[in-house]
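Sharing a structure, written as C-alpha cells. Questions coming.
What follows draws every value from the coordinates through simple rules; no lab data is involved. Note that this is a predicted model, so its numbers are computed, not measured. No Cβ is skipped: glycine too gets one built from the backbone with ideal geometry, and neighbour counts run over all protein chains shown.
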C-alpha cells in the first residue's frame, strides 16, 4: 500500500474486521470534497476557532462525519488544535480547531 492509501490521505479504520476497511474505501472517493467543506466551515471562525460539534450543527451533518475529517486536516497541517476547550453538544469539553496556528492566533 503506497502512502496515498494511508491515513491521513484517505480515511482510516480500526481493527481487523473488514467492515471498517470497506467503509473507509467506500467514503475515500468523497473525502477530498468533504475535507474541503469542513475546512471552509472552520475558516470564518478565524483565530477564535470552533468545535466540530458547532460546525456539525451549522452544516446539518452528524458530528461523527466531522470529527474524522478534522483529525485528518490536523494531521495534514490544515487545521490546528487551540489550547482551550469548549463545551460540546453533550456538555463535555471538546477540542477547538482553527485554520490558524495557535502562535498566529495570539
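Which FRET efficiency value, to the nearest 0.05, is calculated for residue 76 and residue 18 with the Förster distance at 30 angstrom and r the Cβ-Cβ distance?
My answer for the efficiency is 0.65.
Evaluate the distance, in nm, between pseudo-label points positioned 7 Å from the Cα of residue 101 and of residue 32 along their respective Cα→Cβ axes.
Here the modelled spin labels are 2.7 nm apart.
According to the square roots a ≥ b ≥ c of the eigenvalues of the Cα gyration tensor, what is the shape class of the range 18-105, taking rounded for a/c under 1.5, prolate for a/b larger than b/c otherwise, and oblate for the remainder?
prolate
Give the order of 55, 65 when sorted by the count of other beta carbons within 10 angstrom, beginning with the fewest.
Ascending Cβ contact count within 10 Å gives the list 65, 55.
What is the distance, in nm, between label points placed 7 Å from the Cα along the Cα-to-Cβ direction at residue 64 and at residue 86?
Placing both labels 7 Å beyond Cα along the Cβ direction yields 2.4 nm.
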